[in-house]
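Read through the structure below, which is laid out as structure tokens, and then see the notes.
All of the numbers you see were taken from the coordinates with simple rules; none came from a lab. Values in this document were obtained by computation on a predicted structure and should not be read as measured data. No Cβ is skipped: glycine too gets one built from the backbone with ideal geometry, and neighbour counts run over all protein chains shown.
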Amino acid sequence: MRLDDELVAPLRAVAERFALPKVRALHLPPREAVQAARRAGRGEFCLLELDDGTPGAAYVMLDDDHEALLLGHGTEALAGADALALAASFGAARGARRVVAWAALGALSRWLVERAGLEVPRGGDPWGRPAPLPGEHLGMVGLFTPMVAPLLQAGLRLTVLELQPELAGRRDALTVTLDPAALQDCRRIVCTATTLINGSLEALLPHLRHARHLALLGPSAGCLPDALFARGVTQIGGRWITDPAGAIDAVRAGRGLGEVSRKFAFSRDDWPGCRALLERL
């Protein structure tokens with residue numbers, strides 16, 4: 001089974017036993033906020049709200065996805081829509097529709113976690129324990145700009161896999177490359193969760209299989225992680241929204257999610273599994 005389909009499968013199992021909430025609305029950041037985020041090298045996210053208030057986030061800055069969503073592409077008749085059907089379209093969807101499907105998948109995943117009463121752990125060091133030692137070679141999929149300078153100052157080597165050719169190059173202990181094979185001797189890798197939305201993660205994973213620590217990070221990392229853990233991911237983490245109503249206001253105002261969320265992380269060792277969550281319901 002393809003990764004996209006495996007990510008949806010646990011939600012289908014839940015729907016066989018329980019009525020899942022419908023979609024209430026999709027909330028988008030304004031055009032000006034996305035333009036400013038591009039200039040600053042930051043991300044912006046949409047929120048899909050279920051009819052019980054549960055939110056799901058998705059990155060909106062791939063290609064022209066945000067503009068398409070503002071124009072209504074992929075958002076037709078969302079109010080009252082079947083959230084599971086929307087999430088289940090993720091594998092076949094493209095562009096803006098795939099963004100909306102991912103946000104629905106994330107919202108339903110959160111609904112299950114909360115309904116099962118699972119405590120959501122706070123996020124720790126994305127590089128794992130013990131802390132990396134000077135000279136160690138770390139890998140990064142997607143440029144997490146705030147991380148770079150502290151890692152280099154600590155004497156670490158860093159190789160970053162990027163999609164943008166203009167970023168490629170080498171400077172001292174930092175290498176930015178378009179070649180995923182360059183990560184094959186990295187034993188610790190952090191990877192942007194946006195690879196789930198753009199569909200690149202499944203093809204990337206064979207190049208990352210040598211990592212003993214592989215963390216999938218970002219506000220879009222809101223799915224049930226069983227299929228990811230089975231494929232070698234060891235940690236999934238992002239932003240857990242602590243104030244859903246405030247998060248909607250923040251997104252619509254272009255303020256981001258920082259003040260209405262906290263970092264979280266599930267590790268492969270402490271995740272109970274979707275079957276255990278179902279048994280709690």
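Residues that are in contact with a Gly (Cβ under 7 Å, 6 or more places away or on another chain), closer than 27 Å to Leu281 by Cβ and in contact (Cβ under 8 Å) with a residue 24 or more places away in the chain number at least 3 in the following strands (runs of 3 or more DSSP E) confined to region 6-59: 55-59. Taken over region 60-70, the residue count meeting the criterion of being assigned to a loop (DSSP other than H, G, I, E, B) and not acidic (Asp, Glu) is 3.
Here's the yes/no breakdown for (1) among the small types (Gly, Ala, Ser); (2) without any contact (Cβ under 8 Å) to a residue 60 or more places away in the chain; (3) outside any loop (DSSP other than H, G, I, E, B):
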position	(1), (2), (3)
Gly72	yes, yes, no
Ala77	yes, yes, no
Ala87	yes, no, yes
Arg110	no, no, yes
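If you go through region 175-211 and keep only what is touching a Ser or Thr at 6+ places or on another chain (Cβ under 7 Å), under 25 Å from Val99 (Cβ atoms) and assigned to a helix (DSSP H, G or I), you end up with Thr194, Leu196, Ile197, Leu201, Leu204.
Among the residues of region 235-242, some residue qualifies, meaning at least one is surrounded by fewer than 19 Cβ atoms within 10 Å (Cβ to Cβ), of a type outside the set (D, E, K, R) and more than 20 Å from Val60 (Cβ to Cβ). Being loosely packed, with under 12 Cβ neighbours inside 10 Å and either within 23 Å of Phe264 (Cβ to Cβ) or out of contact with any Pro (no Cβ under 6 Å at 6 or more places or on another chain) (or both): is that true of Arg129 here? The answer is yes for Arg129.
Conditions tested, residue by residue: (1) basic (Lys, Arg); (2) in contact with a Cys (Cβ under 6 Å, 6 or more places away or on another chain); (3) more than 18 Å from Leu7 (Cα to Cα); (4) surrounded by 20 or more Cβ atoms within 10 Å (Cβ to Cβ).
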residue: Thr177; (1), (2), (3), (4): no, no, yes, no
residue: Gln184; (1), (2), (3), (4): no, no, yes, no
residue: Leu228; (1), (2), (3), (4): no, no, no, yes
residue: Gly232; (1), (2), (3), (4): no, no, no, no
residue: Gly254; (1), (2), (3), (4): no, no, yes, no
residue: Arg262; (1), (2), (3), (4): yes, no, yes, no
